[in-house]
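Colleague: I am attaching a structure below and will ask some questions about it afterwards.
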Amino acid sequence: MIERMRKLNLIALSYERDRTLDVLERTGAAEIKLRAEEEGTRPLQEEGGELAARLASWEEALDLLTREAVKYAKAHDVKDFSPNGEISVSYAEFLAARNNLSAVEEIVKEIGLLAGERDAALAERARLERAAAAALPYRSARKFTSYTDTKHTVTKLGLVPANLWETCRQQLDGLSLAAYQADGEGENVLLSVTVHKSALAEAELILGAAGFTACPYRDDCTGEELLLSLGERVRAEEERAARAEEKLFGLSPSVKELKIGCDALRFELEKAEQAEKMRGTERTFLLEAFVPAAKENDVKAALDGSGITVFYEFSDPAEDEFIPTLLKNNKVVENFETITNMYSPPNARELDPNTVMSFFYSLFIGFIMADVGYGLMMMLGGGFLYYKNRARQKGGIKSLAGVFAIGGVFAVIWGFLFNSILGMQFLPFTVMPDAQSEMYNLVGISIPGVLVISLLIGVVQLAAGYLCKCAQLWRRGKPLDGILDGGIWALFSVGAELAIVGLVEEFHLSFLAAAGGILAGAMLVVAVFTAGRHEKLLGKFTKGFGSLYGLINYFTDVLSYIRLYGLMLTGAVIAQIISQYSVSFLTSGSALVVVGAVLMVVGHVFNLAISLLGAYIHTARLQYVEFFGRFYEGEGELFVPLGSARKYVRVV
């Protein structure tokens, strides 16, 4: 059902704007609309730039704290820690957070400082590790200050690539006024050369050709001591980073407070952004909003009891005014609203299709699965997921789980009718024809029986679509149009249905063929002669012939329901094969028993998943094209009340 909307027109003093929006937000029943230009008023300026930047920094801090806390808890095996997910708070808690945003700001700053401390420590540790890797070839060096020059000699300490060392050694051996000491393994050789100043130039040529790199260290320590010092500094930085991470984890209880604060700040931003929809004078602001008719008294009571000096009135929206859509259905049907909304939300002035659509959607999913075992798995799995997410608002995984659970009920019913449990027969009788082998004779043509049933189901849904069109036009004060554009075609569909049943020899109801044909033919004649009733002159005739041409589209749409048979047959054959092989392995009395058990579980779970995916997509396609094509207009926008743009918190 689509809720009827009323329009609120409100005027209050400019300095009361924030309080007024708070009052409307608390009702959860007012969507601010763009107010038209009016003489003597001016548009208000949007003021959310600074708040948007602040909110972005808060959410960045929340994301960082959550991510690091989860990582810390996993690394340190902290039990029962889960900072993710939506949280529920009272309105008093939410209001308190809005009045104390400075406390959240302090938490954000502390998170930033700790994260900066941790990052600085990790960066310094990485730098020290690189320094330690560079100093490793000098492990065997004496104190670096001992490699000094004298009055007549020069001492050089550094590294020579190992692949050039042999050539360098031979050339150094040829220098009579030089002495050297070499040590090291791996890619470099640690070389200490003491050479007389008279042979310095020649020695430098030899070392240069060998790729000699001078030692950068001048510390009063040995190479071993240098490495130990660097190692201690690395460990110190690791400890500094660990302390910062521990302190970050210590802030994890603040995740709830930070989430509430983010959504509270988001509301402040929302209020600031709503300014551009309003208009103002020198001392007042003017606001218009849509309010569900059922909530009108609640909004009146909230405004009257707020203590704010405000003038307001309620009125019905204009005929040509765009109205947001608020859907109000029971717990079963609301699961299917997401499917309709994926196509397009209904507009506020049409019939809500979800009640009728939900029945056919469940019927079709059940028909495609048509297995007691699969139906029970859908009911249990979908029901578990729905219960687990029961606190969430409708939509998402919650609604999808509900759709599958309800579809599972229909799958169990169809499973009994087709006598199938995991692809195996379990009853001594079968109501429905065998999907693989049993054929029906339709006007002398042999057709799979289940295919004929699929077509009959399709005609029923098309008739329901025309009845929805009839009801929609009737509600709009056009009963004649409803009867002629919807009711007549619904009766035509009934006639076509009866004719098909009468033409199937196995039904033994041949008398229905003539009755159905007469009904369908009579309704077609009426449709042809009344199709152009709103046209002029030639249009009256062309419109009538156009309706005849529309029969092609009608029968094409009926044929689209063959996909129900195709998907059902595919899943049934795969289920049967899996069960046959599994049972043969399980009864073999050999090690293949294990293979049979694994095949039974994995095979059927895989088939269920693939079949459900196909059923979900193709059943939606039948609703969008064949069913909605009869009456549905769509192009609506869902009602979004002020303050509902919360991301982390559900206010109860």
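Nothing in this text is a laboratory measurement; each read-out follows from the coordinates by a stated rule. Keep in mind that what you see is a predicted model, and the values were worked out from it rather than measured. Cβ: placed from backbone, ideal geometry, glycine included. Neighbour counts: every protein chain shown.
Colleague: Report, in whole Å, the centroid distance computed from the Cα atoms of region 457-481 and region 69-142.
Modeller: About 61 Å separates the Cα centre of region 457-481 from the one of region 69-142.
Colleague: Okay, moving on. Provide the per-residue ³J(HN,Hα) series for region 381-397, in order, calculated from phi with Karplus coefficients 6.51, -1.76, 1.60 and θ = phi - 60°, each as a whole number of Hz, with x at glycine and proline positions.
Modeller: Each residue's phi maps through the Karplus curve to give x, x, x, 5, 5, 5, 5, 5, 9, 4, 6, 6, 6, 4, x, x, 5 Hz.
Colleague: Could I ask something else about it? Spin-label point model (7 Å from Cα, Cβ direction): what's the E321 to E225 distance in nm?
Modeller: 8.7 nm
Colleague: Can you sort F367, F631, F322 from fewest to most other Cβ atoms within 10 Å of each residue's own Cβ? Before the final figure, lay out each step's value.
Modeller: Numbers: F367 27, F631 22, F322 14.
Placing the least packed residue first, the sequence is F322, F631, F367.
Colleague: Let me ask another. Hey, got the dipole for the chain? About the Cα centre, +1 on K and R Cβ, -1 on D and E Cβ, debye to the nearest 20?
Modeller: Working: 64 positive and 79 negative charges, 184 e Å.
For this selection, approximately 880 debye.
Colleague: May I pose another question? What value, in deg cm²/dmol to 500, does the helix sum -39500 (n - 2.57) over DSSP H runs of n ≥ 4 give at 222 nm once divided by the residues of the chain? Provide the component values of the computation, followed by the final result.
Modeller: On the way: 21 runs with 373 residues, N = 652.
Rounded to the nearest 500, the figure is -19500 deg cm²/dmol.
Colleague: Quick one: I483, I339, fewest Cβ neighbours within 10 Å first, how do they rank?
Modeller: Working: I483 17, I339 20.
Lowest to highest Cβ neighbour count: I483, I339.
Colleague: Please figure out what share of the DSSP beta bridges in the chain is antiparallel and state it in percent, rounded to the nearest 5.
Modeller: Numbers: 46 of 50 bridges.
Around 90 percent antiparallel, to the nearest 5.
Colleague: With a 10 Å Cβ neighbour count serving as the proxy for reagent exposure, in which order, fewest first, do I2, I87 appear?
Modeller: On the way: I2 21, I87 16.
If I rank by nearby Cβ atoms, fewest first, I get I87, I2.
Colleague: With +1 on each Lys and Arg Cβ and -1 on each Asp and Glu Cβ, how big is the dipole of region 411-529 about its Cα centre, in debye rounded to the nearest 20?
Modeller: That gives region 411-529 a dipole magnitude of about 580 debye.
Colleague: In whole percent, what relative contact order does region 148-214 give with Cα contacts below 8 Å and a gap of six or more residues? Numbers along the way, then the final one.
Modeller: Numbers: 104 pairs, mean separation 30.1, N = 67.
Averaging sequence separation for qualifying contacts and normalising by length gives 45 percent for region 148-214.
Colleague: Give the relative contact order (percent, whole number) for the chain; include only Cα pairs under 8 Å separated by 6+ residues. Display every interim value, and only then the final one.
Modeller: On the way: 998 pairs, mean separation 134.5, N = 652.
Relative contact order here is 21 percent.
Colleague: In region 148-214, if the dipole is taken from +1 on Lys/Arg beta carbons and -1 on Asp/Glu beta carbons about the Cα centre, which of L177, L207, L159 is farthest to the positive end?
Modeller: Result: L177.
Colleague: While we're on this one: State to the nearest 20 debye the size of the charge dipole of region 148-214 about its Cα centre, where the only charges are +1 on K and R beta carbons and -1 on D and E beta carbons.
Modeller: Numbers: 4 positive and 8 negative charges, 59 e Å.
Using only the charged Cβ atoms, the result is roughly 280 debye.
Colleague: Also, I was wondering about something else. So, in Å, what gap is there between the alpha-carbon centers of region 575-652 and region 357-429?
Modeller: Result: 9 Å between the Cα centres.
Colleague: With a ≥ b ≥ c taken as the square roots of the eigenvalues of the C-alpha gyration tensor of region 584-652, please select rounded if a/c is under 1.5 and otherwise prolate if a/b is larger than b/c or oblate if it is not?
Modeller: Oblate, since a/c reaches 1.5 and b/c is not below a/b.
Colleague: Next question, about the same structure. Rounded if a/c is under 1.5, else prolate if a/b beats b/c, else oblate: with a ≥ b ≥ c from the C-alpha gyration tensor eigenvalues square-rooted, which is the chain? If you can, show how the numbers build up before the last one.
Modeller: Numbers: a/c = 3.04, a/b = 1.69, b/c = 1.80.
Oblate, since a/c reaches 1.5 and b/c is not below a/b.
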